Amino acid sequence: MDELHAVALEEIALEGKRGCSVNLLWQLLEPRLPAGIPTLIAPLKQHLWQLLRSPASRLSFSNEELQEQAREAAKQAGSTKKKKKKKKGDDDDDELPQIETELPLEAVPDNVAEAEEQGIVLVAPEAARLAVVGVYDEMEANYKLSEHQLAVLEMVGQRRHHGAVQTDMANELGVQHRNFFYVLKMLEARHMIVRNKLMVPLPANQNNHGWSTTSIVHLPRFAPRVVLGAEAVFKEVKTAQGQQLQQQSVQQQGQSSGSYVVRDDATVMQQICDFLGSQNGRYVSESQVKAVLGFTGSATAHRQWRR
């Protein structure tokens, strides 16, 4: 039970400042159940809930309604700051008030079923949220991480093995893409993230049906165990359920959710070179090479050949 409790605390911390709802926690725990626990039955959920609710877990509690109000207030505060530039000598008394999202422990139900119905959200303490994304010495560090760098680590941690798309994160944080590159570069230099090239489809409203190149970002412990070659990139494809870009399969929105395959042009180039080398100096037309290597029969194959 201690192992399951530790896994639950880690999953809650990975969800960052927004916290983790009770229903989402059960989904996150299912693939990480310790040996000997085949599934989360109701009595087990209740026992785990009592452990999480105890002061020893150092969790704070909120609900989905308060979280939504806080997000709306943050958006309004952000738009207000953009419209009104702060002058020298001005104080912060006119800033929008912060909405209190934490519930007192007495308001948190003892029964796990009631907690699920009320939309209770569990939030890990700041130290746990930093530690779970690899920030252990932030307070003592000579070069502290910026607000955007900490936000990136939190978003990347929330995406776990799937990773976060660079363009999605830049758009969510409101940072210009050319500036956001340096945010990631500094984190990568400190070995706090792993970045790989990624191809994503352009929005459907564009007629060229092309692809855009960006990066997929992981925490080191969630990074794919695939070493990409110089000409290889990850390529996003639709899942079997037809999920589209900007939709998410579990709980969040605003992030990419397709499956990824590796596109390695170096392998195709080697096949072309091997075929030409086997012709012993004989002239070979382009159409023959395309036919032998399977680059005919569809517009997709022709585009791949042109690339």
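Select from region 1-53 the residues that are buried (at least 19 other Cβ atoms within 10 Å of the Cβ) and aromatic (Phe, Trp, Tyr) and list them in ascending order. Once the filter is applied, which keeps residues that are buried (at least 19 other Cβ atoms within 10 Å of the Cβ) and aromatic (Phe, Trp, Tyr), region 1-53 yields only TRP49.
Among the residues making up region 155-191, a single one is open to solvent by 30 Å² or more (accessible area, probe 1.4 Å), of a type in the set (Lys, Arg) and closer than 21 Å to PRO201 by Cα: ARG178.
Condition check: modelled with pLDDT under 60, open to solvent by 40 Å² or more (accessible area, probe 1.4 Å) and either over 25 Å from CYS20 (Cα atoms) or under 17 Å from the mean Cα position of the chain (by Cα) (or both). Does GLU286 satisfy that?
It is false that GLU286 is modelled with pLDDT under 60, open to solvent by 40 Å² or more (accessible area, probe 1.4 Å) and either over 25 Å from CYS20 (Cα atoms) or under 17 Å from the mean Cα position of the chain (by Cα) (or both).
When you check VAL261 against the structure, is it closer than 30 Å to GLY16 by Cα and modelled with pLDDT under 70, yes or no? So VAL261 fits the description; yes. Among the residues making up region 181-200, those that are in contact (Cβ under 8 Å) with a residue 24 or more places away in the chain and either among the aromatic types (Phe, Trp, Tyr) or not in a helix (DSSP H, G or I) (or both) are HIS191, MET192, ILE193, VAL194, ARG195, ASN196, LYS197, LEU198, MET199, VAL200. Taken together, VAL183, VAL175, VAL135 contain a single residue that is aliphatic (A, V, I, L, M) and within 15 Å of LYS17 (Cβ to Cβ), which is VAL135. Among the residues examined, ALA151 does not qualify as open to solvent by less than 40 Å² (accessible area, probe 1.4 Å), at pLDDT below 85 and on the phi < 0 side of the Ramachandran plot.
Here's the yes/no breakdown for (1) of a type in the set (Phe, Trp, Tyr); (2) more than 19 Å from GLU102 (Cβ to Cβ); (3) assigned to a helix (DSSP H, G or I):
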{"residue": "VAL7", "(1), (2), (3)": "no, yes, yes"}
{"residue": "LEU24", "(1), (2), (3)": "no, no, yes"}
{"residue": "PRO34", "(1), (2), (3)": "no, yes, no"}
{"residue": "TRP49", "(1), (2), (3)": "yes, no, yes"}
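Just to be sure, is LEU153 under 30 Å from PRO31 (Cα atoms) and among the hydrophobic types (A, V, I, L, M, F, W, C)? Explain how you work it out, then say what you get.
Values: under 30 Å from PRO31 (Cα atoms): yes; among the hydrophobic types (A, V, I, L, M, F, W, C): yes.
Spelling it out, LEU153 is indeed under 30 Å from PRO31 (Cα atoms) and among the hydrophobic types (A, V, I, L, M, F, W, C).
Yes or no: region 104-114 includes at least one residue that is of a type in the set (A, V, I, L, M), assigned to a helix (DSSP H, G or I) and modelled with pLDDT of 90 or more. Yes. Condition (residue is at pLDDT 90 or above, closer than 22 Å to ALA8 by Cα and crowded, with 18+ Cβ neighbours inside 10 Å) applied to region 131-141: is it met by at least one residue? Looking through region 131-141, at least one residue is at pLDDT 90 or above, closer than 22 Å to ALA8 by Cα and crowded, with 18+ Cβ neighbours inside 10 Å.
The values are calculated or read from the model by the stated rules, or taken from the named source; none is laboratory data. For clarity, every value in this text was computed on a predicted model and none was experimentally measured. Every residue, glycine among them, receives a Cβ derived from its backbone with ideal geometry; neighbour counts consider all protein chains shown. The area values use the complete protein model at the heavy-atom level, side chains included, leaving out ligands, DNA and RNA. Shrake-Rupley method; radii C 1.70, N 1.55, O 1.52, S 1.80 Å.
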